[in-house]
Amino acid sequence: MVMLLAEMNNLPFKRAREDPSLKGYHRWSPLQAFSPRDVWPCIGRRRIYRLRSGDKAGRHVRHSDVPSTSNSPERLARMTTHNFPLPTDLPVPVDDGAADHLPGSILPAMALPATDGSAVDLGSLPGWWVIYVYPMTGQPGVSLPEGWDSIPGARGCTPQSCSFRDHHDEIAKLGAGVFGLSAQTTDYQREAHDRLDLPFELLSDSTLHLVQALRLPTFTAGGMTLFKRLTLITRDAKIEKVFYPVFPPDRNADDVLDWLRVHAGR
């Protein structure tokens, strides 16, 4: 029978709303318990897949088993227009020790809204995940907070997201998924997600629950409390690696790849 991923109790993705148009489909994520031969080609950019009848749990689908259109000529052309070079004189953030407690911590059982309309329970994430936490992306025609470029580590959220977009297939081949996470609302994040053509979802913690749950470091700009930039690599919801501070932001995906190539296969 056709199964919906959102109905499986042992996976972290819980649909925040039911969409009748997706009946008989599920949103694919890494390391799901399905056989690669039973996944049909993707439908559209959101990577929605249909399962044939008779699918059984018990085998894993890795990112590399799933058809990808991320290297199509059309998408590569869009990538070229989405390059955002960073100024060469940005202040370099220093390690203030605010993330020293994170390695070995367990992600809390907390469902955060994602840009695809789902809710992601951090504490139930299976396998390897890269979660890059960033202050805020800018929007075309909208000014960033005053003095943004002078705040160490603030500038570079868009280049960082583009870097994870461009390296997404390489990270996927190592068996890891990617999420971006910030304090902006889902509607705000969705604009960046669609404009930058991100092949992964952004998670919203607009109420800053993770400040208490994980003691993530923050700073204030323009009257807003924002997360400091850091990247977590988790395995079965346990934090295995923390990149903090992250600089330059557009190099972060390369550093993550270097670490995964050494550790993800263990």
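The values are calculated or read from the model by the stated rules, or taken from the named source; none is laboratory data. Given the structure is predicted, the values throughout are model-derived calculations rather than measurements. As a convention, Cβ positions derive from the backbone with ideal geometry for all residues, glycine included, and neighbour counts pool all protein chains shown. Just the protein is used for accessible areas: all its heavy atoms, side chains included, with ligands, DNA and RNA removed. Shrake-Rupley method; radii C 1.70, N 1.55, O 1.52, S 1.80 Å.
Going through the stretch 236-260 one residue at a time, which ones are open to solvent by 30 Å² or more (accessible area, probe 1.4 Å) and out of contact with any helix residue (DSSP H, G or I) (no Cβ under 9 Å at 6 or more places or on another chain)? Spell out the reasoning first.
Kept after step one, since they are open to solvent by 30 Å² or more (accessible area, probe 1.4 Å), are these residues of the stretch 236-260: 236, 238, 240-241, 243-245, 247-248, 250-251, 254-255, 258-259.
Result: D236, K238, Y244, P245, F247, D255, D258, W259.
Quick test of your reading of the structure: Q184 fulfils all but one of (1) in contact with a strand residue (DSSP E or B) (Cβ under 9 Å, 6 or more places away or on another chain); (2) surrounded by 15 or more Cβ atoms within 10 Å (Cβ to Cβ); (3) outside any loop (DSSP other than H, G, I, E, B); (4) among the polar types (S, T, N, Q). Name the failing condition by number.
Single failed check for Q184: (3).
Condition first: modelled with pLDDT of 95 or more, open to solvent by 50 Å² or more (accessible area, probe 1.4 Å) and in a loop (DSSP other than H, G, I, E, B). Can you find one or more residues in the stretch 68-91 that meet it?
No, because not a single residue in the stretch 68-91 is modelled with pLDDT of 95 or more, open to solvent by 50 Å² or more (accessible area, probe 1.4 Å) and in a loop (DSSP other than H, G, I, E, B).
Being out of contact with any strand residue (DSSP E or B) (no Cβ under 9 Å at 6 or more places or on another chain), of a type in the set (D, E, K, R), in a loop (DSSP other than H, G, I, E, B) and crowded, with 17+ Cβ neighbours inside 10 Å: is that true of R215 here? Talk me through it step by step, then tell me what you get.
Details: out of contact with any strand residue (DSSP E or B) (no Cβ under 9 Å at 6 or more places or on another chain): yes; of a type in the set (D, E, K, R): yes; in a loop (DSSP other than H, G, I, E, B): yes; crowded, with 17+ Cβ neighbours inside 10 Å: no.
In short, no.
Output the number of residues of the stretch 162-187 satisfying the condition of being within 17 Å of L226 (Cβ to Cβ) and touching a residue at least 40 places away in the same chain (Cβ under 8 Å).
Here the count works out to 6.
Can you tell me which of A114, A119, A99 is over 17 Å from L232 (Cα atoms) and crowded, with 21+ Cβ neighbours inside 10 Å?
None of the other options fit; the residue is A114.
Could you go through the stretch 116-134 and let me know if any residue there is polar (S, T, N, Q), under 24 Å from E191 (Cβ atoms) and part of a loop (DSSP other than H, G, I, E, B). Spell out how you get there, then give the answer.
First, pick out the residues of the stretch 116-134 that are polar (S, T, N, Q): 118, 124.
Checking which are under 24 Å from E191 (Cβ atoms) leaves us with 118.
Subset that is part of a loop (DSSP other than H, G, I, E, B): none.
No, there is no match, as no residue in the stretch 116-134 is polar (S, T, N, Q), under 24 Å from E191 (Cβ atoms) and part of a loop (DSSP other than H, G, I, E, B).
Can you tell which of V262, V242, V256 is touching a residue at least 40 places away in the same chain (Cβ under 8 Å) and over 20 Å from G123 (Cα atoms)?
After ruling out the rest, the residue left standing is V256.
Is it the case that some residue within the stretch 188-202 is modelled with pLDDT of 95 or more, part of a loop (DSSP other than H, G, I, E, B), closer than 22 Å to G123 by Cα and open to solvent by 50 Å² or more (accessible area, probe 1.4 Å)?
No.
Which one of these does D149 not meet: (1) open to solvent by less than 60 Å² (accessible area, probe 1.4 Å); (2) modelled with pLDDT of 50 or more; (3) of a type in the set (D, E)?
The number of the failed condition is (1).
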